[in-house]
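Colleague: Take a look at this one; I'll ask things after.
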Amino acid sequence: MDECGSTRRTDREALGRLVRETWIAWVQEQPEPKSSWLLPWEELAEPDREVDRRIGEAVRDYVLVTTSYVPQDVALDCLRRLEAAGYGKPGQPNTLYAMVFAACAEVERLREQTARVGGAVKASEK
């Protein structure tokens, strides 16, 4: 948990190791794997570790965006309550309102981006 009491996002290192373990498991199923394909995490060069970390993060982010759902009525209710408390009005403290509004917009942007990527992947599979 962080200083605010919330659970921290999955550690990049752990994500990279998971990608590497999955890769090695696949490689071991191949008829003639190259020895370099079987290197454990500890023996990888830093650029290769970074690639695995990024793959892990991309998969994590995709899963979070595609499986997370806040019903629109709940999000709108949140914004209404903030507005009723004075947030989002000229001359009033706007930080909390702006943060919630920006977070909602970012989630929507990521969902749209994921839908485009998913559509491109499906099209390329044809």
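The values are calculated or read from the model by the stated rules, or taken from the named source; none is laboratory data. From a predicted model like this one, the values you see are computed outputs, not experimental measurements. Virtual Cβ from ideal backbone geometry, glycine too; neighbours counted across all protein chains shown.
Colleague: So Glu32 ticks every box in (1) more than 20 Å from the chain's Cα centre (by Cα); (2) in a helix (DSSP H, G or I); (3) at pLDDT 70 or above but one. Which box is left unticked?
Modeller: (2)
Colleague: Please count how many residues of the stretch 9-25 are more than 9 Å from Gly56 (Cβ to Cβ) and either hydroxyl-bearing (Ser, Thr, Tyr) or loosely packed, with under 11 Cβ neighbours inside 10 Å (or both).
Modeller: The number of residues fulfilling the criteria is 2.
Colleague: Let me ask something additional. Inside the stretch 37-59, can you point out the residues that are at pLDDT below 90, surrounded by fewer than 16 Cβ atoms within 10 Å (Cβ to Cβ) and of a type outside the set (A, V, I, L, M, F, W, C)?
Modeller: If the condition is that a residue be at pLDDT below 90, surrounded by fewer than 16 Cβ atoms within 10 Å (Cβ to Cβ) and of a type outside the set (A, V, I, L, M, F, W, C), then Arg54 is the only one that fits.
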